[in-house]
Amino acid sequence: MVLQELGGKISSALQQMTNATTVNQKVFDKCLNDIARALLQNDVQVEIVGDLQSNIKRIVNLDGRAEGHNKRKIIQQAVFSELCKMLDPGKPSFTPKKNEPSVVMFVGLQGSGKTTTCTKYAHYYQNKGWKPALVCADTFRAGAFDQLKQNATKANIPFYGSHTESDPVNVAVEGVETFKRENRNLIIIDTSGRHVQEKALFEEMLQLREATKPDLVIFVMDSSIGQAAFKQAQAFKQSVDVGAVIVTKMDGHAKGGGALSAVAATKSPVIFIGTGEHINEFEDFNVKPFVSRLLGIRDLSGFINQVKEVVQVDEQELMQKLLEQNFTMRIMYELFQKILEGSFNQVLSMLMPKEHENESQVKIRRYLTMMDSMTNEELGSTDLKLMKESRIMRIARGAGRQVSEVFEMFQEYKRLTISVSKMKKMVNTRHTDEFTS
Ligand code: GDP
């Protein structure tokens, strides 16, 4: 799979940083340099790598971080989010509607997989209940119409083209009008790709766009073209307003980093990827799951999605513990510390019952002192029944408190255990909804 090697190198750089005894500037710099080298070796454009590096540095801001912050996590998340940013222009693409005809024009160089992808795209929407139709506006390449006709016939999709008409604009306009009359709600125009970025190609694209007024122009890009991808994508973007990108041949063995650069150059979202020659080898593209897969992270994107609106980067580790681990006294200790720092209040108000919000700071400090007198084993346990009376008295004495106050803390722990398990259920339900809706 394209980009597998790149993904492997980035995760190995992150792993080395995670395994280091302490994360200092030297370890961080090495990690960043390894990531940058991996990107460059995989044909990602040098400016993009530079931007990515300086953005990660700015987010991580190692010098400005107080001790105790989980630097490993902060670095991992900064790398993750910057890779996502590189692929995500932050604006959604136009999606065809069923109740009115949409015109979608495909552009890209010859051999990029344009004709194949037009049919895949039509087939994808046909399966979802649209009534697509294909128009061959490539009058330049002999055999272009026959290829489209053959693909369309196999997929049972109506097509339009001409062996005699030499003006692509005439063919496109006639094709669009014909299919509008026939109430087709998704009309796809395949355009000429030619060999190189010649002026005539771009002029023709502009004329076609002018005449057919497409709702969306899709740029089809071959993932194996390496460094050249960036300039190509930029040229297409500059001459015709590319609204979305489809990257093809993602099943190949090419490096694929050029494709990432090109996506950044078009500032348009990737909507699908082609993963083979067959009509069904076509996948929806979503940035976060893709980057997660690339880095071998399975659940991070889902997790970040859940909590990103309310949790600061340095709070996410605790949040993850709350969601994924058994709620121990030690986790309650960390939670109380965060509450005292004032940094967990938003999460708390979202997830915990109201009464805990008002837990007084004095009480929380008292609980922390008592927990300081507990052993590691006691803090790691979830079963209060294991606490012997003699230990409870020792804890109270060690903290200079009454035994009744230790019991009060245990009550608090029980209440929080219930709240946290409710919260887990809530998040899991939302998680399932997110994937099934
Ligand atoms: P066009 O000149 O841009 O219209 O490109 P074509 O659609 O003719 O495709 C060129 C070649 O790439 C053909 O052999 C296709 O079968 C192949 N192709 C297109 N998309 C993919 C893909 O996602 N994976 C693979 N392996 N081959 C593809």
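Applied to segment 36-48, the Karplus parametrisation 6.51 cos²θ - 1.76 cosθ + 1.60 on θ = phi - 60° returns per-residue 3J(HN,Hα) values of 4, 4, 4, 5, 5, 5, 9, 6, 6, 5, 4, 4, 5 Hz, with x for Gly and Pro. Projecting the Cα atoms of 79, 328, 230 onto the charge dipole of the chain, computed from C-beta unit charges around the Cα centre, puts 328 farthest toward the positive end.
Sort 221-227, 379-385 by packing, meaning the average of other beta carbons within 10 Å per residue, with the highest value first.
In descending order of packing, they fall as 221-227, 379-385.
Each Cα pair under 8 Å and six or more residues apart adds its sequence gap; the mean of these over the residue count of segment 80-177 is a relative contact order of 23 percent. Of 79, 245, 362, the residue with the greatest mean-square motion in the GNM of the chain, using alpha carbon springs below 10 Å, is 362.
Spin-label model, residue 100/residue 238: points 7 Å from Cα along the beta carbon direction are separated by 3.3 nm. Listed values for segment 269-283 are Karplus-derived 3J(HN,Hα) couplings in whole Hz (6.51 cos²θ - 1.76 cosθ + 1.60, θ = phi - 60°), namely x, 7, 9, 9, 10, x, 10, x, 7, 6, 4, 8, 7, 8, 10, and x replaces Gly and Pro.
A prolate overall shape is assigned to the chain, the ratio a/c of its alpha-carbon gyration tensor axes (a ≥ b ≥ c) being 1.5 or greater and a/b exceeding b/c. Along the charge dipole of the chain, Cβ charges K/R +1 and D/E -1, which of 23, 386, 220 sits furthest on the positive end? Result: 386. In terms of the Cα gyration tensor, with a ≥ b ≥ c the square roots of its eigenvalues, is segment 147-304 rounded because a/c is under 1.5, prolate because a/b exceeds b/c, or oblate? Prolate shape, in that a/c is at least 1.5 and a/b is the bigger ratio.
With the cut-off at 1.5 for a/c, could you classify segment 5-69 from its C-alpha gyration tensor as rounded, prolate or oblate? Oblate, since a/c reaches 1.5 and b/c is not below a/b.
Note on the chain: helix-only mean residue ellipticity at 222 nm, from DSSP H runs of 4+ residues weighted -39500 (n - 2.57) and normalised by residue number, equals -18000 deg cm²/dmol.
Within the listed set 389, 378, 47, the Gaussian network model of the chain (springs between alpha-carbon atoms below 10 Å) gives the highest mean-square fluctuation for 389. Under 5 Å from the amide H of residue 282 lie the amide H atoms of 275, each residue being 5 or more positions distant or on a separate chain, with H modelled from the backbone and absent for Pro and chain starts. For segment 115-264, relative contact order (Cα pairs under 8 Å, six or more residues apart, normalised by length) works out to 21 percent. The mean sequence separation of alpha-carbon pairs under 8 Å and at least six residues apart, normalised by the residue count of the chain, gives a relative contact order of 16 percent. Can you grab the distance from the C-alpha centre of segment 73-109 to the C-alpha centre of segment 214-237, Å, no decimals? The two parts, judged by their Cα centres, are 14 Å apart.
For the listed peptides 321-331, 11-21, a ranking on the average number of other beta carbons within 10 Å per residue, highest first, reads 321-331, 11-21. Measuring between their Cα centroids, segment 129-171 and segment 376-393 lie 75 Å from each other.
With the charge dipole of segment 158-257 set up from +1 on Lys and Arg Cβ and -1 on Asp and Glu Cβ about the Cα centre, the Cα lying farthest toward the positive end among the listed residues 171, 207, 193 is that of 193. Modelled label positions at residue 26 and residue 164, each set 7 Å beyond Cα in the direction of Cβ, lie 7.9 nm from each other. Residues in segment 237-251 carry Karplus couplings, in order, of 4, 5, 8, 9, 6, 5, x, 7, 10, 10, 9, 9, 6, 6, 8 Hz; the curve used is 6.51 cos²θ - 1.76 cosθ + 1.60 with θ = phi - 60°, and Gly or Pro positions show x.
Each value in this text was obtained by applying a stated rule to the coordinates, not by laboratory testing. Note that the structure is predicted; figures quoted are calculated from it, not measured. For neighbour counting, all protein chains shown are included, and Cβ atoms are generated from backbone atoms with ideal geometry for every residue, glycine included.
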